[in-house]
Amino acid sequence: DAKTTQPPSMDCAEGRAANLPCNHSTISGNEYVYWYRQIHSQGPQYIIHGLKNNETNEMASLIITEDRKSSTLILPHATLRDTAVYYCIVTFNTDKLIFGTGTRLQVFP
Amino acid sequence: DAGVTQSPTHLIKTRGQQVTLRCSPKSGHDTVSWYQQALGQGPQFIFQYYEEEERQRGNFPDRFSGHQFPNYSSELNVNALLLGDSALYLCASKLQREFDNEQFFGPGTRLTVL
């Protein structure tokens, strides 16, 4: 699985968009980009995934650069409940998720 | 529709003991994976069970073993506990079909080894 690099922490004001970056310069053609988040004292929660096209669902948007070497998870209107650790995972084996240390997002009032 | 459930919530054991953790997958799911999460770290994949067999395994010693039952529930067993086994143990379930990629995680079991 390709290695990912994420900033250890980020802050975001409530109501603003949170843009979480992820670098995955060694990604191969058949690897997907997955995002999960983990709210304190809970198990990880799936957010979104994509291969090469931008994706959007009810939780977030995923923007993948054309060369697929980086991506950005966008939470369009962050709330206090979005405070969590966000994990970017690159894999072709969706049965075996390799988590890094993620980005700790703090949403403040 | 119940999500993934795990028991117990918390557990305290001493070094050398054995422990069994239990997981019931989300309704309709047939595949269960186990992860270990040390404090301040991301979850680490232990193994996955499908059709009552271990299908994939991460870099964990043989002290870690598991089982899946016909009703798809699963157990994680850890023998000869070490202090370093103290962690949050997470169970995840999914439906094993080609385009069903999302894994659903339970709340975890917090194991403390003294």
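The values are calculated or read from the model by the stated rules, or taken from the named source; none is laboratory data. All figures in this text were calculated on a predicted structure; none of them were measured in a lab. With ideal geometry, Cβ positions are generated from the backbone for all residues, glycine too; neighbour counts draw on all protein chains shown.
Assorted remarks:
- Count - residues of segment B:48-66 that are closer than 15 Å to B:T109 by Cβ and crowded, with 19+ Cβ neighbours inside 10 Å: 1
- Segment A:41-69: number of residues that are within 14 Å of chain B (Cβ to nearest Cβ) and part of a loop (DSSP other than H, G, I, E, B): 9
- Residue in segment B:81-91 that is surrounded by 19 or more Cβ atoms within 10 Å (Cβ to Cβ) and touching a His at 6+ places or on another chain (Cβ under 7 Å) present: no
- First in segment B:72-93 and over 23 Å from A:Q38 (Cα atoms), second anywhere and assigned to a helix (DSSP H, G or I) and not polar (S, T, N, Q), Cβ under 7 Å, 6 or more apart: B:V78/B:D85
- Residue pairs meeting the criteria (Cβ under 9 Å; at least 6 apart or on separate chains; first without any contact (Cβ under 8 Å) to a residue 24 or more places away in the chain, in segment B:26-51; second among the aromatic types (F, W, Y) and in a loop (DSSP other than H, G, I, E, B)): B:Q41/A:F99; B:G42/A:F99; B:Q44/A:F99; B:Q44/B:F60; B:F45/A:F99; B:F45/B:F60; B:F47/B:F60
- The residue that is surrounded by the fewest Cβ atoms within 10 Å (Cβ to Cβ), counting only those in segment B:11-47 that are charged (D, E, K, R) and within 13 Å of chain A (Cβ to nearest Cβ), is B:D30.
- Note on segment A:88-109: residues that are β-branched (V, I, T), at the interface with chain B (Cβ under 10 Å from one of its Cβ atoms) and under 11 Å from the mean Cα position of the chain (by Cα) total 1.
- Single residue of A:T26, A:T72 found to be away from every other protein chain (no Cβ under 14 Å), modelled with pLDDT of 95 or more and more than 20 Å from B:Q44 (Cα to Cα): A:T72
- Looking only at segment B:58-114, and only at residues there that are basic (K, R) and outside any loop (DSSP other than H, G, I, E, B), the one that is farthest from A:T94 (Cα to Cα): B:R110
- Of B:L81, B:L21, all but one fail to be in contact with an Asp or Glu (Cβ under 9 Å, 6 or more places away or on another chain) and not β-branched (V, I, T); the exception is B:L21.
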